[in-house]
Amino acid sequence: MSYRKTLKLICGVAGGSAVLVFAAAAADYRGYSGEQRGEAASRWSRFTVVRAAQPGWTPASHTPAPTGHSWDFNWDKRDPSSLINGKKKESATEDPSSERDNGKPKATRNILLIRHSQYNLSGNSDKERVLTPLGREQAELTGQRLAALGFKYDVLIHSSMARATETANIISNHLPGVELVSCDLLREGAPIEPVPPVTHWKPDAVQYHEDGARIEAAFRRYIHRADPKQKEDSYEIIVCHANVIRYFVCRALQFPPEGWLRMGLNNGSITWLTIRPSGRVALRMLGDAGFMPPDKLTRT
């Protein structure tokens, strides 16, 4: 095949494939491949036919199609317009726009979700599942990290389970003046049956039913936009468990909640959610434990 004929054949290849084919053709024709000229031409002819038969690359063919699910700005049922529309007007002369502005959140909530530190897995009851020596070190490191961030924390809420309570108490030593609050809703459990399923952990339907309702109640209590009366941005710490945190993240980002088990969290790690007044949610950190030395990292 002559060089001119080869060039014509190349021009028929679509998109970015033409550049690749042209380069290969030039190399083969000039003997760069080390083959005899006749052998190279024969090999190139077969290669070009295969390439020309394939569809050219276009951006549209490699762009995932939209799922069709739009963001629900009233996911926490606190959208100002929906709240106003549901109320009866006390006065016919009241300005609706003024009422809407007064009821609109103006502050951003920052929620830092902390997974408890390593604990005694061999304990037969919750009281026996206290932190290990390494777990206490991890809690100290997490407390130091939270203090170093320099935020003005409003409250430190923790699960009532022993490992979360002990973790919160150690962290609290690094954040003097921050109120400690215990909550049973934040206890560990099975929020929803995971997809895909796993073989090593299979709670029964009753546990999913009971734990799921409780953990969803915890989500609705703690994960929402700021109250309209809140004037300044807030920073709240919640010390709880991996399953609870992963479920919270999926729900807050409006991801399928059954995907919660696809994420892994180290002990003592920090997950940071930001909730804007508009209802927008951002995940600033997920399971950050980079402040710990490698030999202190665990995921039990």
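Which numbered condition in (1) buried (at least 21 other Cβ atoms within 10 Å of the Cβ); (2) assigned to a loop (DSSP other than H, G, I, E, B) is the only one that VAL244 fails?
For VAL244, the failing item is (2).
Can you tell me which residue is farthest from ALA242 (Cα to Cα) among those in the range 188-213 that are among the β-branched types (Val, Ile, Thr) and either surrounded by 12 or more Cβ atoms within 10 Å (Cβ to Cβ) or in contact with a helix residue (DSSP H, G or I) (Cβ under 6 Å, 6 or more places away or on another chain) (or both)?
Across the range 188-213, the extreme among qualifying residues is VAL195.
Kindly establish whether ARG220 is crowded, with 16+ Cβ neighbours inside 10 Å and not polar (S, T, N, Q).
Taking the combined requirement at face value, the residue does not satisfy it.
Quick grid of which residues meet (1) free of Cβ contacts under 8 Å to residues at least 24 places away in the same chain; (2) out of contact with any Ser or Thr (no Cβ under 6 Å at 6 or more places or on another chain):
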{"site": "ALA217", "(1), (2)": "no, yes"}
{"site": "ASP227", "(1), (2)": "no, yes"}
{"site": "GLN230", "(1), (2)": "no, yes"}
{"site": "GLU236", "(1), (2)": "no, yes"}
{"site": "VAL239", "(1), (2)": "no, no"}
{"site": "ASN243", "(1), (2)": "no, yes"}
{"site": "CYS250", "(1), (2)": "yes, yes"}
{"site": "GLU258", "(1), (2)": "no, yes"}
{"site": "MET263", "(1), (2)": "no, yes"}
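Here are VAL198, VAL178: which of them is more than 27 Å from LYS127 (Cβ to Cβ) and in the same structural domain as ALA148 (by TED's automatic domain parsing)?
So the residue among VAL198, VAL178 that is more than 27 Å from LYS127 (Cβ to Cβ) and in the same structural domain as ALA148 (by TED's automatic domain parsing) is VAL198.
Considering (1) out of contact with any Ser or Thr (no Cβ under 9 Å at 6 or more places or on another chain); (2) part of a strand (DSSP E or B), say which one LEU180 fails and leave the rest.
(1)
Filter the range 114-136 down to residues that are in contact with a Gly (Cβ under 9 Å, 6 or more places away or on another chain) and either among the acidic types (Asp, Glu) or not in a loop (DSSP other than H, G, I, E, B) (or both), then give me how many there are.
Number satisfying all stated conditions: 4.
Among the residues of the range 255-280, how many are in contact with a strand residue (DSSP E or B) (Cβ under 8 Å, 6 or more places away or on another chain) and either surrounded by fewer than 21 Cβ atoms within 10 Å (Cβ to Cβ) or in a helix (DSSP H, G or I) (or both)?
Number of matching residues: 5.
The values are calculated or read from the model by the stated rules, or taken from the named source; none is laboratory data. Predicted model only: the values in this text are computed from it and were never measured. Please note: Cβ atoms are built from the backbone with ideal geometry, for glycine as well, and neighbour counts cover all protein chains shown.
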